[in-house]
Amino acid sequence: SFAELGLGQNGFRRGLVAGSPSAGDGRLLYGLEWQEADGPWTMPENHGKLNGVLRWSRGTEENGGGVTAMAYRARWASTDQVPQRAVDAGIVGRFGTLDPSDGGRTSRYSLSGEWARGEGTSRTKAAAYAIRSSLDLWSNFTFFMDNPVLGDQFRQSERRTVLGGQAAHTWFGSFAGRIAELSVGTQWRRDRLDPVVLALSSDRRTHAIVREDRVTQTSVGLHAEGLVYWTDWLRSIVGLRADHYAFDITSSLPANSGQASDRLASPKLSLVFGPWAQTEWYVNHGHGFHSNDARGATTRLNPDPRDPGY
């Protein structure tokens, strides 16, 4: 166990306590960190964060388990970009700001558990988690271009609850007389955003809602992977993953409410050569995807009041 205290330039302050003592037939890991900093800005960033972790575990990665709780909170004042012409005219310095109310606050709390059991020629792993997070972000990129009275600051905000889990089983054996592994597994996740908001604001006070939505996004994935050691210098990995997504959106603009779903299969193939001279060579081919904002699947009306079609 140990404790640290740090002080530095630009208002930097940091404290940390952590340790990993024995607890029953397992081990307890704990850590708590506090940090504040102002940065080099004319307006102090006033960035403060507090995060902690508490974990109890027993056994090994291959045959054991644990439970982990984590927490994080932060707030800050943001000095965003400023126009070059404002700096040249002496209106604001290089490290100054035109909207001192920009910034944000956020938090994230999670509880997760994992379990693994290996017996003979197989191994099973499973995990589950729950997350609660929040974010409020105030930004102003155009200052008074659109609204010369109240300014152009806007607020992005969301409150999110996430539930999820995964499980996989691996068999160790042989294929065509070669050492091989076969793994199959599944993943499940449900995100509930209630609400997610885009609003117009001034000095962090909201004066108009551009869009407010409640979103439920659920995903289920199945995957399988085969690994074969053909020689002492060549192994192959063949995999296939199938994902299904379902979206349910309730919007403050009825035209943007709705439900949608889709699915996708993603194959992959990898060949690994070596090692030669402590170096391996890889040939990979496959397909994948990146999920994006679920509201894109149901949006029909641009919520931006500056748009002629609003």
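The values are calculated or read from the model by the stated rules, or taken from the named source; none is laboratory data. Keep in mind the model is a prediction, meaning the values are calculated, not measured. Neighbour counts are summed over all protein chains in view; Cβ atoms, including those assigned to glycine, are modelled from backbone coordinates with ideal geometry. We work out accessible area using only protein heavy atoms, side chains counted, and drop any ligands, DNA or RNA first. Shrake-Rupley method; radii C 1.70, N 1.55, O 1.52, S 1.80 Å.
Just a few scattered comments:
- Computed from the C-beta positions of I209 and A176 and an R0 of 45 Å, the FRET efficiency is 0.10 to the nearest 0.05.
- By average C-beta atoms within 10 angstrom, highest first, the peptides 258-267, 153-162: 153-162, 258-267
- Of T186, A116, A18, farthest towards positive along the dipole that unit charges on Lys, Arg, Asp, Glu beta carbons give the chain: A116
- Fully extended contour minus Cα-Cα distance, from A255 to L240, at 0.36 nm per residue: 1.7 nm
- Taking all protein chains together and rolling a 1.4 Å probe, E119 ends up with roughly 120 Å² accessible.
- Dipole magnitude (debye, nearest 20) for the chain, charges at Cβ of Lys, Arg, Asp, Glu: 580
- The magnitude of the dipole of the range 1-113, with charges of +1 and -1 set on the Cβ of Lys/Arg and Asp/Glu and taken from the Cα centre, is near 220 debye.
- Dipole axis of the range 72-153 (+1 Lys, Arg; -1 Asp, Glu on Cβ), positive-most option in P100, A127, W138: A127
- Stokes-Einstein D for the chain, Kirkwood Rh over Cα pairs, 4 °C, 1.567 mPa s (µm²/s): 53
- Residue ranking by accessible heavy-atom surface, 1.4 Å probe, largest first, among I91, I209, I237, I249 comes out as I91, I209, I237, I249.
- Per residue of the chain, the DSSP helices (runs of n ≥ 4 H) give a summed -39500 (n - 2.57) that works out to -500 deg cm²/dmol at 222 nm.
- The residue among A277, L240, T250 whose Cα reaches farthest toward the positive pole of the charge dipole of the range 239-310, with charges on the beta-carbon of Lys, Arg, Asp and Glu, is L240.
- Packing-based order for 29-36, 14-21, using average beta carbon neighbours within 10 Å, highest first: 29-36, 14-21
- Here the simple spin-label model places points 7 Å from the Cα toward Cβ, and for K268 and F95 these points are separated by 4.4 nm.
- Computed extension gain for R13 through T161, at 0.36 nm per residue and net of the alpha carbon distance, reaches 50.1 nm.
- Rounded if a/c under 1.5, otherwise prolate or oblate - the range 50-193, Cα gyration tensor axes: prolate
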